[in-house]
Amino acid sequence: MNPKLGDLQANLALYEAKIRQGIENRAELLLFPELSLTGYFLRDTVPSVALTLNSAEMTTLKKLSRDLPFVAGLVEESADHRFFNAAVYFEAGEIRHVHRKVYLPTYGMFDEQRYFARGDRVRAFDSKFGRMMLLICEDLWHPSTIYLAALDGALAVICPSASPLRGVVDGQVQDDNARYWEMINRAYAETYSLFMLYANRSGFEDGVGFWGGSEIIDPFGQRVAKAKYYDEDFIIAEVALEAVRRKRTMAPLLRDEDMDMTINELMRIRERPAATKLVQKLKSSRVQSLRKPKRK
Amino acid sequence: MSPIPTNTTLLREILTAFIRNEVHKTGLTRAVIGLSGGVDSALSAMLAAEALGQKNVLGILMPYKSSNPDSQAHAELVAQKCGIETRLVEITPQIDAYFAKFADADARRRGNKMARERMTVLYDHSARWNALVLGTSNKTELLLGYGTIYGDMASAINPLGDLYKTQVWALAAAIGVPPAVVQKEPSADLWTGQTDEGEMGFSYREVDPLLYRMVDQRYTRPELIAAGFSERFVDDVALRIMNSQFKRRLPVIAKVSQRTIDRDFRYSRDWGK
């Protein structure tokens, strides 16, 4: 999918067309990429394309989900006027879950934290298909999010993405960023015995291309479906969630997961005495030097 | 040292998709390109013909009376190879008319004027033919500032700006730019006997590995020297990059308001597209 940058109405029409296409192809769930209702490099247009949960556009989207549940990528505006890079799960005419992107890349070519507020929770939710987790693009580059997804009972992780192609290296059919994504999608699916549903966009914005290549990976690490690289595509595949049960029966790693140990160790690390003391020392020395300027 | 990666199959796929996407989203279907007879414009033209279709690309040859006759022959060879139409617009009359009034102008001023004259011809044809001007500046010359600001550096979209010269050569060879064009010595051909490497004082094969490590891989100065580049070379290139930064940016605007263009009025160029 290749949305128009900052043109909400044009992209709503695209959404409607894709939903119709999904219905015609007897899809039961449709995934749109990150910020695909708005475009990605929005910069100062963020406030102009932001939608509150009770906006007219949201009502349109809700209605569209009566026949086909879907995940949308859009800018959500909170009641106190913060703007979030959000993924919203619509089902049966209702909003069932909103995920606000937690990890907003602000380095290199990215500037998300300049324009967006940061989400503060990562939670699985129940859908008509079973328990799922929504994570947006960079969220998945922080392994704590996928760990939480697994422990929160997700059978499938849905990741809308706007991942730019970069790093053309030798001996690969895809760029190096695409290679990295494919590696973690597969590793996460296999490690946590769940489905990875990864929806990435295509097209170019100001010369930056998005590599497409959406994919579905099953709990055994096998690729169920793959979209074209560097071009628009529409892929449909059977996601047989019972594969999660088979995989978890064979390799009950999640059963054996010691969550308490992890929590205890995390708390220890957070309260690490040495680090705490060092920070306090630095703070007090700064205060002192401000209070008592040295005189010559 | 590992060579600069040059996956020509992937580059070709990405760069043709780039041209197609960026041209079509403006509502246009065509591109104009100044064909100099050199490898950069040859590669740009080949990629554009592949991306947009031969009929949608126009090559413009703009020789000056002192231009090397080989340049025109090579430009025609390229046009033939990629199957695009060409137009000949000689720039001698207007250049000579101008410098008749400034006879003392040196080669650099004359060369820059020619580059800017060619730019105005390209932009006029872009309006005449509803086409975008396709750029031909590669990453090496953009970083070193080896180009004329608002001259050959001007374009609407540039497929080559992130490719080093040695990558341009490799990709040009792979997609079938005539060998005579790929293999000849690079020259801006602004005066007789001018060559890029003669003027810069080092070769592309020497400077590209340095730029790649310095810019793409973020090697520090000590790391570059440890990797075998001489201190003088490293410092010379670093200084060229710094001193030519102005060529890679829009003009500096004096900020007086709350919202100044490009500083706190920030929109992508493809806004609404």
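If I filter the stretch A:170-192 for residues that are under 19 Å from A:LEU29 (Cβ atoms), among the hydrophobic types (A, V, I, L, M, F, W, C), in contact (Cβ under 8 Å) with a residue 60 or more places away in the chain and not in a loop (DSSP other than H, G, I, E, B), do I get at least one hit? No, because not a single residue in the stretch A:170-192 is under 19 Å from A:LEU29 (Cβ atoms), among the hydrophobic types (A, V, I, L, M, F, W, C), in contact (Cβ under 8 Å) with a residue 60 or more places away in the chain and not in a loop (DSSP other than H, G, I, E, B). Is it the case that A:ARG186 is over 30 Å from B:ARG266 (Cα atoms) and either in the same structural domain as A:GLN21 (by TED's automatic domain parsing) or of a type in the set (Asp, Glu) (or both)? When the stated conditions are applied, A:ARG186 passes them. Suppose we keep only residues that are among the basic types (Lys, Arg) and within 14 Å of chain A (Cβ to nearest Cβ) within the stretch B:1-57. Which one would you say is farthest from B:LYS184 (Cα to Cα)? The residue in question is B:LYS25. The residues in the stretch B:197-235 that are more than 22 Å from A:VAL168 (Cβ to Cβ), free of Cβ contacts under 8 Å to residues at least 40 places away in the same chain and in a loop (DSSP other than H, G, I, E, B) can be counted, and the count is 6.
As for the stretch A:14-35, it holds at least one residue that is within 20 Å of A:ARG82 (Cα to Cα) and either touching a Leu at 6+ places or on another chain (Cβ under 7 Å) or within 14 Å of chain B (Cβ to nearest Cβ) (or both).
Restricting attention to the stretch A:193-222 and to residues that are out of contact with any strand residue (DSSP E or B) (no Cβ under 8 Å at 6 or more places or on another chain) and crowded, with 23+ Cβ neighbours inside 10 Å, the residue that is farthest from A:LEU165 (Cα to Cα) turns out to be A:SER193. Restricting attention to the stretch B:237-273, the residues that are farther than 18 Å from B:TYR150 by Cβ and in a loop (DSSP other than H, G, I, E, B) add up to 16. Screening A:ALA162 against (1) of a type outside the set (D, E, K, R); (2) within 14 Å of chain B (Cβ to nearest Cβ); (3) more than 24 Å from A:GLU91 (Cβ to Cβ) leaves a single unmet condition, (3).
Evaluated against (1) crowded, with 19+ Cβ neighbours inside 10 Å; (2) of a type outside the set (A, V, I, L, M, F, W, C); (3) more than 14 Å from chain A (Cβ to nearest Cβ), B:ASN68 falls short on exactly one condition, (1).
Residue by residue through the stretch A:216-231, note down the ones that are more than 14 Å from chain B (Cβ to nearest Cβ) and among the charged types (D, E, K, R).
Within the stretch A:216-231, A:ASP218, A:ARG223, A:LYS226 meet the criteria.
Considering (1) free of Cβ contacts under 8 Å to residues at least 60 places away in the same chain; (2) within 16 Å of the chain's Cα centre (by Cα); (3) within 14 Å of chain B (Cβ to nearest Cβ), the lone condition that A:VAL122 does not fulfil carries the number (3). Which of the following residues is assigned to a loop (DSSP other than H, G, I, E, B), touching a residue at least 12 places away in the same chain (Cβ under 8 Å) and over 16 Å from A:ALA92 (Cα atoms): A:ASN54, A:ASN2, A:ASN11? Just one listed residue meets the conditions, A:ASN2.
Given the residues A:LEU37, A:LEU30, A:LEU104, which is the only one that is in contact with a Phe, Trp or Tyr (Cβ under 7 Å, 6 or more places away or on another chain), under 22 Å from A:ARG166 (Cα atoms) and either acidic (Asp, Glu) or in the same structural domain as A:LYS228 (by TED's automatic domain parsing) (or both)?
Result: A:LEU104 is the single residue among A:LEU37, A:LEU30, A:LEU104 that is in contact with a Phe, Trp or Tyr (Cβ under 7 Å, 6 or more places away or on another chain), under 22 Å from A:ARG166 (Cα atoms) and either acidic (Asp, Glu) or in the same structural domain as A:LYS228 (by TED's automatic domain parsing) (or both).
Tell me whether the stretch A:203-215 contains one or more residues that are away from chain B (no Cβ under 14 Å), at pLDDT 95 or above and more than 30 Å from B:TRP271 (Cα to Cα). Checking the stretch A:203-215: not a single residue is away from chain B (no Cβ under 14 Å), at pLDDT 95 or above and more than 30 Å from B:TRP271 (Cα to Cα). Sub-6 Å Cβ pairs linking a first residue in the stretch B:101-115 that is in a loop (DSSP other than H, G, I, E, B) to a second residue that is surrounded by 11 or more Cβ atoms within 10 Å (Cβ to Cβ), at least 6 apart or interchain, are B:ALA105/B:PHE99, ordered by first then second residue.
The values are calculated or read from the model by the stated rules, or taken from the named source; none is laboratory data. The model shown is predicted, which means the values in this text are computed figures rather than measured ones. Quick reminder, even Gly has a Cβ in these numbers, built from the backbone with ideal geometry, and neighbours come from all protein chains shown.
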